[in-house]
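Input: a single structure, listed below in structure tokens.
The values are calculated or read from the model by the stated rules, or taken from the named source; none is laboratory data. A quick note: this is a predicted structure, and the numbers were derived from the prediction, not measured. For neighbour counting, all protein chains shown are included, and Cβ atoms are generated from backbone atoms with ideal geometry for every residue, glycine included.
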Amino acid sequence: MAATTSRSDVLRTFALAGAAAFALASNAAQATDGYFLNGKGAKAKGMGGAAIAYPQDGMSAANNPASITAVDARMDVGVEIFIPKRGASISGNGAGLDGDYSGNGSNPFVLPEFAYVRPLSDSVTVALAINGNGGMNTTYEKANPFAAFGATGEAGGDLKQIFITPTAAVEFAEGHSFGVSPILLIQGFRANGIQPFAMASADPTNFTDRGNDWTFGAGLRVGYFGELTDQVSIGAFYQSTIWSGEFDKYAGLFAQQGGFDVPTSYGAGIAIRPTPDIVLAADIKRIEYSGVQSVGNPLAPLFSGVPFGADNGPGFGWRDVTVFKLGADYAVNEGLTVRAGYGRSDNPIPASETFVNILAPGVVQDHFTVGATVGIGEGMELTGFVMHAPKNEVQGAGSIPLPYGGGEADIRLSETSFGLEFGIEL
């Protein structure tokens with residue numbers, strides 16, 4: 001009876017902790033694979049994000065919905081503390097913008113995760129995963145890069161997202177599963193201190209300094225998971241565009257009157273177990289940022305008479321990216337597993353688009369991770385991880401148009417994060 005009471009107390013405590021973490025998620029930050037986290041679930045994050053073919057915990061539902069058939073009943077609650085360092089330098093500008101600018105007025109950030117998995121039969125498993133994500137977050141607190149144009153206050157932008165992912169998976173043949181996840185999206189955005197650019201907007205009153213705006217969306221993720229042998233498993237997923245409502249308060253900033261969908265993504269992975277205690281995993285993933293006008297459109301339409309906020313209007317100019325993830329774990333004993341990983345992402349921001357991306361310098365490419373899981377008894381465990389993405393800088397080339405004084409804008413970003421996840425078998 002004492003053990004049952006202890007587990008119940010722990011479950012209640014971590015359920016409350018998860019709710020508190022999502023309340024804190026209003027402060028999300030620039031992420032890693034463009035503006036997405038480099039992994040979901042603390043175990044995957046310790047392996048560089050590799051998880052499509054290697055399910056380890058409840059967050060597997062958010063990586064590959066089919067893979068949950070290989071996960072026993074459990075609950076996981078985690079939190080990541082995210083510390084980006086972002087900034088910009090402007091040179092050769094005829095409008096007086098030259099200088100070095102720090103976008104680190106807000107730090108650190110809290111990114112929560114929660115997952116629950118329950119097998120219903122030998123072949124059917126259901127799950128619920130909830131995770132926070134953020135991107136395009138900067139706060140130029142000490143000096144506004146656009147002050148020479150008459151901008152006032154702090155310059156910056158903040159995109160925050162919460163994905164709610166119910167999942168069902170079916171093992172349709174021995175070792176082979178198909179899964180599907182309808183995805184529900186809650187996202188918020190605010191922009192500050194970019195008043196001068198509102199003159200080039202189709203809706204200048206809904207362009208900047210309008211506070212937080214919220215919208216909702218929905219999409220679909222499907223996946224396949226196959227255990228080919230006891231030593232080899234494979235997986236693949238496809239996630240549709242997550243179609244979202246418009247940010248009405250920023251209808252003059254984002255193309256399509258405030259449109260900001262989540263881009264299509266897809267990927268595949270393999271996991272190999274060369275010995276009973278070692279697993280090697282690798283993923284490849286594609287994110288199609290160019291398919292979302294407000295993210296993928298370049299600044300150039302502005303100088304062809306198409307204003308901010310219009311259909312096919314200017315955006316951030318982000319390219320599609322391919323992401324590679326490699327990871328390994330080693331079971332030292334029954335109570336300890338250690339991990340390491342590496343991820344490599346294309347840089348989504350061309351040298352010609354750095355000026356507008358002073359607000360969203362998502363340019364890191366290399367991610368190095370380590371992690372470990374420790375059993376704490378009664379089917380409970382603690383998993384920790386650390387990630388570091390060294391500084392990457394993109395030097396502008398023809399980046400500041402002549403109407404804004406010409407010259408170049410260079411943008412930079414580095415990141416460090418660490419997190420802890422509690423898991424319990426149910």
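I want to confirm something. Restricting to segment 165-182 and keeping residues that are under 25 Å from W214 (Cβ atoms) and touching a helix residue (DSSP H, G or I) at 6+ places or on another chain (Cβ under 9 Å), which single residue is surrounded by the fewest Cβ atoms within 10 Å (Cβ to Cβ)?
P166
For the condition of a type in the set (G, A, S) and within 30 Å of L97 (Cα to Cα), what is the one hit in G157, G175? Don't jump to the end; show me each part of the working.
Details: G175 fails: within 30 Å of L97 (Cα to Cα).
From the options G157, G175, the qualifying one is G157.
Here are N212, N206: which of them is surrounded by fewer than 18 Cβ atoms within 10 Å (Cβ to Cβ) and touching a Lys or Arg at 6+ places or on another chain (Cβ under 7 Å)?
After ruling out the rest, the residue left standing is N212.
Listed here are the residues, each with its yes/no results for (1) under 22 Å from L228 (Cα atoms); (2) of a type in the set (G, A, S); (3) modelled with pLDDT of 90 or more.
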residue	(1), (2), (3)
R7	no, no, no
V10	no, no, no
A19	no, yes, no
D33	no, no, no
K45	no, no, yes
G48	no, yes, yes
D57	yes, no, yes
P65	yes, no, yes
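Please tell me if E246 is touching a residue at least 12 places away in the same chain (Cβ under 8 Å), acidic (D, E) and within 19 Å of F316 (Cβ to Cβ).
In short, yes.
Hey, G150 hits all of (1) at pLDDT below 95; (2) surrounded by fewer than 19 Cβ atoms within 10 Å (Cβ to Cβ); (3) under 24 Å from the mean Cα position of the chain (by Cα) but one; which does it fall short on?
(3)
When only residues in segment 107-139 that are out of contact with any helix residue (DSSP H, G or I) (no Cβ under 8 Å at 6 or more places or on another chain) and within 30 Å of P403 (Cβ to Cβ) count, which is surrounded by the most Cβ atoms within 10 Å (Cβ to Cβ)?
The qualifying residue surrounded by the most Cβ atoms within 10 Å (Cβ to Cβ) is N137.
Does G419 satisfy being under 18 Å from the mean Cα position of the chain (by Cα) and either buried (at least 16 other Cβ atoms within 10 Å of the Cβ) or at pLDDT 95 or above (or both)?
Yes: the conditions hold for G419.
Could you tell me whether segment 132-146 includes any residue that is among the β-branched types (V, I, T), at pLDDT 95 or above and touching a Lys or Arg at 6+ places or on another chain (Cβ under 6 Å)?
No; the residues of segment 132-146 include none that is among the β-branched types (V, I, T), at pLDDT 95 or above and touching a Lys or Arg at 6+ places or on another chain (Cβ under 6 Å).
Within segment 204-220, restricting attention to residues that are farther than 25 Å from P166 by Cα and among the polar types (S, T, N, Q), which residue is nearest to the chain's Cα centre (by Cα)?
N212
Tally the residues that are of a type in the set (V, I, T) and buried (at least 17 other Cβ atoms within 10 Å of the Cβ), restricting the search to segment 273-311.
Number satisfying all stated conditions: 5.
Given the condition modelled with pLDDT under 95, over 22 Å from V394 (Cβ atoms) and touching a helix residue (DSSP H, G or I) at 6+ places or on another chain (Cβ under 6 Å), answer yes or no: does some residue in segment 85-103 qualify?
Yes: segment 85-103 contains one or more residues that are modelled with pLDDT under 95, over 22 Å from V394 (Cβ atoms) and touching a helix residue (DSSP H, G or I) at 6+ places or on another chain (Cβ under 6 Å).
For every residue, the table says whether it meets (1) under 20 Å from the mean Cα position of the chain (by Cα); (2) surrounded by 20 or more Cβ atoms within 10 Å (Cβ to Cβ).
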position	(1), (2)
A202	no, no
V222	yes, no
D230	no, no
G235	no, yes
G245	yes, no
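Hey, among F225, F247, F207, which residue is under 30 Å from A66 (Cβ atoms) and touching a strand residue (DSSP E or B) at 6+ places or on another chain (Cβ under 8 Å)?
The match here is F225.
Please tell me if F368 is buried (at least 24 other Cβ atoms within 10 Å of the Cβ) and within 20 Å of G39 (Cα to Cα). Let's see the steps before the verdict.
Numbers: buried (at least 24 other Cβ atoms within 10 Å of the Cβ): no; within 20 Å of G39 (Cα to Cα): yes.
No; evaluated as a whole, the condition is false for this residue.
Can you go through G396, G362, G407, G379 and tell me which one is touching a helix residue (DSSP H, G or I) at 6+ places or on another chain (Cβ under 9 Å), small (G, A, S) and surrounded by 16 or more Cβ atoms within 10 Å (Cβ to Cβ)?
Values: G362 fails: touching a helix residue (DSSP H, G or I) at 6+ places or on another chain (Cβ under 9 Å); G407 fails: touching a helix residue (DSSP H, G or I) at 6+ places or on another chain (Cβ under 9 Å); G379 fails: surrounded by 16 or more Cβ atoms within 10 Å (Cβ to Cβ).
That would be G396, the only listed residue that is touching a helix residue (DSSP H, G or I) at 6+ places or on another chain (Cβ under 9 Å), small (G, A, S) and surrounded by 16 or more Cβ atoms within 10 Å (Cβ to Cβ).
Using beta carbons and a limit of 9 Å, which pairs, at least six apart or on different chains, have the first residue in segment 214-230 and under 14 Å from W243 (Cβ atoms) and in contact (Cβ under 8 Å) with a residue 60 or more places away in the chain and the second one of a type in the set (S, T, Y) and in a strand (DSSP E or B)?
R221/T165; R221/T167; R221/S181; R221/Y238; R221/S265
Would you call A372 among the aliphatic types (A, V, I, L, M) and either assigned to a strand (DSSP E or B) or free of Cβ contacts under 8 Å to residues at least 12 places away in the same chain (or both)?
yes
Would you pick out the residues in segment 333-348 that are surrounded by fewer than 23 Cβ atoms within 10 Å (Cβ to Cβ), in contact (Cβ under 8 Å) with a residue 24 or more places away in the chain and over 15 Å from the mean Cα position of the chain (by Cα)?
E334, G335, L336, T337, V338, A340, Y342
Go through segment 322-332 and give me each residue that's surrounded by fewer than 23 Cβ atoms within 10 Å (Cβ to Cβ) and in contact with a Lys or Arg (Cβ under 9 Å, 6 or more places away or on another chain). Can you show your working first?
As a first pass, look at segment 322-332 and keep what is surrounded by fewer than 23 Cβ atoms within 10 Å (Cβ to Cβ): 322, 324, 326, 328, 330-332.
The answer is T322, F324, L326, A328, Y330.
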